[in-house]
1. Give the B-A buried accessible area in Å², both sides summed, 1.4 Å probe, nearest 100.
2. For the protein assembly as shown, what is the largest minus smallest coordinate of the Cα atoms on each principal axis, given in angstrom and ordered from greatest to least?
3. Taking the Cβ of B:LEU260 as the center, what net charge do the other residues with Cβ under 12 Å away carry, scoring Lys and Arg +1 and Asp and Glu -1?
4. Run the accessible area of the range A:150-197 with a 1.4 Å probe and give the carbon-and-sulfur part as a rounded percent.
5. Calculate, in whole percent, how much of the Cα-Cα pair population of the range B:181-234 lies beyond 14 Å.
6. What base-10 log of the normalised intensity I(q)/I(0) is obtained for the range A:420-468 from the Debye formula, alpha carbons as equal point scatterers, at q = 0.17, 0.23, 0.24 Å⁻¹?
7. Over the range B:52-208, one equal point on each Cα, no solvent: what is log10 I(q)/I(0) by the Debye formula at q = 0.12, 0.19, 0.20 Å⁻¹?
8. Report the FRET efficiency, 1/(1 + (r/R0)^6), for A:ALA398 and B:ALA364, where r is their Cβ-Cβ distance and R0 is 35 Å, rounded to 0.05.
Number of protein chains: 2
Amino acid sequence: MNAQELALIAEGKAWTFAALRAEARRLAQQLAAFGVRAGDRVGMLLPNTPQAVFLIHAVHQLGAVLVPLNVRLTVAELKQQVRRVALRCLVHDATTALQAAALAPEAPLLDLSTADAPRPADLSDLPTSAYLHTLVFTSGTTGTPKAAMLTWGNHVWSAIASGWRLGVQRDDRWLLCLPLYHVGGLAVVLRAALYGIPIVLHARFDAEAVLASLARDRATLISLVPTMLKRLLDANGDRPLPEHVRLVLLGGAATPAPLLERALAARVPVALTYGLTEAASQVATATPEQVRAAPGSVGHPLRSVRVRVADEHGEAVPTGAIGELWVRGPVVMRGYWGDAEATARALTPQGWLRTGDLGYFDEAGRLWVVQRRTDLILSGGENVYPAEVEAVLLRHPAVEAACVVGVEDAEWGQRVVALVQRAPHAQVEVGVLQAFCREHLAGYKCPRAIWFVDALPLTASGKVDRKAAQAWAAQRVVEQGA
Amino acid sequence: MNAQELALIAEGKAWTFAALRAEARRLAQQLAAFGVRAGDRVGMLLPNTPQAVFLIHAVHQLGAVLVPLNVRLTVAELKQQVRRVALRCLVHDATTALQAAALAPEAPLLDLSTADAPRPADLSDLPTSAYLHTLVFTSGTTGTPKAAMLTWGNHVWSAIASGWRLGVQRDDRWLLCLPLYHVGGLAVVLRAALYGIPIVLHARFDAEAVLASLARDRATLISLVPTMLKRLLDANGDRPLPEHVRLVLLGGAATPAPLLERALAARVPVALTYGLTEAASQVATATPEQVRAAPGSVGHPLRSVRVRVADEHGEAVPTGAIGELWVRGPVVMRGYWGDAEATARALTPQGWLRTGDLGYFDEAGRLWVVQRRTDLILSGGENVYPAEVEAVLLRHPAVEAACVVGVEDAEWGQRVVALVQRAPHAQVEVGVLQAFCREHLAGYKCPRAIWFVDALPLTASGKVDRKAAQAWAAQRVVEQGA
């Protein structure tokens with residue numbers, strides 16, 4: 001890359017690669033003065049700021065290990081994560097000072113707003129591919145936290161394979177409005193540095209701000225999750241995006257079919273992707289042309305990434321049959337930090353990552369993701385895929401959003417229930433929606449209960465929080481004595 | 001890549017990556033037994049055979065330096081090259097045994113047809129990016145031979161940037177009918193290994209064989225020079241290629257406009273590229289869509305490669321103005337082996353490679369290559385671009401091929417003359433073609449003499465051999481006493 005090319009646009013300012021490198025170097029020296037050495041874990045408790053981008057590169061320069069932390073977690077949750085990885089240093093700023101203070105007994109704090117002067121340090125820009133670059137906590141918000149160990153090789157291969165699929169063009173700029181503490185956001189920072197293209201960084205997703213920025217900052221690429229795409233279409237009145245936007249990388253959750261149809265009708269160049277933290281982000285991605293040809297498929301696995309649709313014995317099932325998605329290749333994590341048991345459950349001795357997700361390959365070799373296995377509802381011996389039931393509910397004009405979960409049932413094991421957010425001003429009764437479902441779904445798939453909610457619970461990354469929805473539904477069942 | 005995936009198809013056989021690796025390893029051990037160590041130069045005097053592919057990887061495994069030699073050169077020419085680089089070993093087979101024997105005083109010979117049993121050796125597959133991988137002699141067939149030093153980093157960056165431009169797809173296969181001793185052929189071998197895709201190797205270019213192979217072996221990519229494309233269109237009756245051929249990478253020489261129009265009319269997905277040995281192959285490449293939008297442009301420089309259109313002081317000229325193309329980036333060679341003078345002429349202290357080629361950028365940032373500077377004709381103080389004159393000649397229906405060169409002229413410095421190959425059965429007089437040129441070209445650009453030839457002289461890589469044409473024309477002028 002050329003040092004004088006643009007590397008970062010944020011907060012109304014811009015940095016060249018030379019400036020970005022200098023800022024990262026300065027911060028690396030601050031960290032070194034603070035006692036951080038190669039191999040040490042450095043916690044990042046920061047919102048999407050330029051400083052967070054500098055920190056990602058600074059930790060790399062020191063050969064230390066980046067641990068991005070979700071700023072939306074409670075102190076108790078953060079404490080559990082921080083204890084798990086034993087931080088040498090926790091970096092925060094004024095916006096996260098309160099949470100950081102509560103974590104002070106667990107890790108020495110480095111406040112970016114008052115940090116010490118930098119001192120000379122031993123910096124390197126040529127890490128080996130085995131260098132442990134990041135510990136990323138998987139998005140699950142309950143249970144024991146698991147930190148995926150991602151090497152520099154994982155990230156480099158991910159960036160290269162992604163670039164081969166999506167192309168890397170002369171005038172590319174990547175609009176980044178995903179949180180940097182999730183792999184989807186972090187991967188954009190690393191890709192942009194490896195490609196030599198600028199990031200247009202947003203502190204958070206705001207549909208109006210993103211639309212204005214697309215026009216002003218001329219991003220050609222943008223990464224979104226489905227909820228964000230929906231809001232963007234709403235705010236833009238279903239008009240096409242500016243012509244220079246060549247690709248909207250849509251991932252993070254199964255995209256409802258009606259939303260995808262709406263995006264295609266608005267000529268939004270959606271690239272659908274299936275990825276996960278444990279594989280350093282993308283595993284398979286369909287280009288906009290492929291999405292138009294087969295809407296809903298996530299396309300072929302990226303080059304160098306292999307996907308097996310496995311039966312219960314780990315054997316590949318025939319084309320068209322649903323099974324668990326197993327992933328292998330240079331993007332797969334080394335394991336979970338300090339958790340040999342979880343690692344052994346996730347990685348087979350042959351190096352396959354068991355994703356827990358379900359899907360199948362079609363005759364053309366395209367991958368279709370059916371459901372996260374952990375979201376699968378088992379009712380009376382039948383498998384119910386929440387996504388399928390939600391797709392039906394979403395086809396009803398009165399339904400704005402829906403989340404289908406299973407609640408415990410003494411008789412059936414699990415019972416299908418739905419949380420529904422109605423469209424503005426829509427008048428619809430539960431009975432109508434239940435009848436609508438019966439028209440389109442086998443009886444065992446129809447929700448036994450439908451509850452209207454003002455808004456579905458969302459995770460920090462803007463996905464529907466199925467665990468929260470499930471907890472809410474379970475509580476509701478108890479209250480109703482049902 | 002997966003070891004069980006296909007890596008090579010040739011001579012009616014196929015090798016997986018595991019098999020290719022084993023063959024390369026075996027050959028590396030033979031080389032080691034022969035005394036080859038890391039850093040030693042290994043000459044390759046082989047036609048396009050599977051053994052040549054194994055050798056390319058074997059030399060790499062040893063950390064030695066590959067020196068591909070042009071099997072079509074005379075013994076005297078080869079001797080000059082071999083002396084220049086001091087080979088530790090010259091590898092040949094039965095087809096090149098005679099030439100090799102004549103070179104025996106210059107380098108120990110290793111005959112692949114009778115080679116010794118392999119012995120254990122110290123092999124490595126993780127070279128650094130600074131590792132000197134190849135010495136490639138530039139195609140010029142006269143003057144002192146110059147061997148471009150290409151590092152592993154040059155090749156890896158070239159492969160990555162090419163993949164970003166052209167895409168790397170799940171079912172890609174590259175049909176390789178360019179000689180392996182030129183950078184265009186060598187780069188396909190390295191790219192394929194890095195992408196994990198198979199090569200379909202042809203011993204030589206034969207239009208009928210290539211057409212049959214495209215249908216049978218299902219290659220999706222093929223690299224050609226213009227002469228080959230023309231023969232392919234002839235042999236195929238201007239019908240489209242099989243649908244799975246997604247890209248024809250066309251490089252090596254300025255493509256005549258009529259040929260490009262003909263290829264586009266036949267719906268051949270041509271990607272036009274500008275590249276050179278000193279930059280490890282591609283510098284700029286236009287995708288098939290870009291070629292359709294702006295036929296003749298070689299598109300934007302590849303990502304990480306910078307091109308400056310320089311004036312005589314090395315400053316960038318304005319958009320649209322013609323200047324010398326300077327190239328910079330991680331694909332640029334380290335210099336010429338053992339030739340500090342030539343290196344100093346080619347590389348500026350800032351790392352720019354002076355290509356000697358002329359071109360310009362249009363308003364859309366697309367590069368157009370006008371002419372190799374060394375081919376430029378200076379006549380009466382005016383610059384004449386042979387390609388421009390040839391394009392006019394080629395528009396005449398009676399002209400099959402044309403080569404315009406300059407011959408010395410006491411009065412004008414140089415005089416424009418043309419060698420013309422007539423279309424089969426075409427009847428046309430010199431006067432008619434001269435009149436045709438005067439209709440379309442400024443007077444000073446019109447050929448003072450036009451000679452009909454049965455065939456234009458070609459180089460080993462199938463390009464028109466301008467130096468040979470020029471020598472022939474000069475001789476002709478002497479004979480005619482003109």
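The values are calculated or read from the model by the stated rules, or taken from the named source; none is laboratory data. Please read these numbers as outputs of a predicted model, since none were measured by experiment. Glycine also receives a Cβ, built like all others from the backbone with ideal geometry; neighbour counts cover every protein chain displayed. Calculation scope for accessible area: heavy atoms of the full protein, side chains included, ligands and nucleic acids excluded. Shrake-Rupley method; radii C 1.70, N 1.55, O 1.52, S 1.80 Å.
1. Numbers: alone 20850 and 20810 Å², together 39580 Å².
By this definition, chains B and A bury close to 2100 Å².
2. 112, 56, 55
3. The answer is +2.
4. The C+S portion of the solvent-accessible surface of the range A:150-197 is 54 percent.
5. 56 percent
6. One equal scatterer on each Cα of the range A:420-468 leads to -0.65, -0.95, -0.98.
7. Values, matching the q order: -0.57, -1.39, -1.49.
8. 0.15
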